[in-house]
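These notes are about the structure you will find just below.
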Amino acid sequence: MTDKDAVLYIWGHSFEFDKTDCDRWYEIEKLCEMLAGHKDITYATNGEIFRAITSRRA
C-alpha cells in the first residue's frame with residue numbers, strides 16, 4: 001500500500017464488448033463485482049476527481 005492517492009480509471013465503450021466472440025460483458029461484470037463495496041475505496045465521477053485534484057492545488 002501507499003500513503004499517496006491513486007486513481008483506477010476504467011474507460012471504454014460498451015459497444016466494443018459485443019465485437020468479439022469472448023463474453024466481455026461477463027468479464028466487466030466480474031470486475032465491477034470485485035471492485036464494488038469496499039470501504040477503503042472512494043468511488044467518484046470525472047467531475048468529482050477533477051475538483052478534488054484542483055482544490056489541492058489551490
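Please treat every number below as a calculation from the coordinates, not as lab data. All figures in this text were calculated on a predicted structure; none of them were measured in a lab. Positions of Cβ are generated from backbone atoms using ideal geometry, with glycine treated the same way; all protein chains shown enter the neighbour counts.
Listing for the model above:
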{"item": "Degrees separating the helix 46-57 axis from the principal Cα axis of the chain, which is the longest one", "result": "20"}
{"item": "Crossing angle, helix 24-35 versus the chain [Cα axis fit, 0-90 degrees, rounded to tens]", "result": "30"}
{"item": "Cα-projected label distance for W25 with R57, points at 7 Å along beta-carbon direction, nm", "result": "4.0"}
{"item": "Largest-first ellipsoid semi-axes for the chain, taking √(5λ) over the Cα gyration tensor eigenvalues, angstrom", "result": "29, 15, 9"}
{"item": "Sparsely packed chymotrypsin sites (Phe, Trp or Tyr not before Pro) within the chain, loop by DSSP, other Cβ within 10 Å at most 12", "result": "Y9, W11, Y43"}
{"item": "Dipole magnitude of the range 14-57 about its Cα centre (Cβ charges: Lys, Arg +1; Asp, Glu -1), debye to nearest 20", "result": "520"}
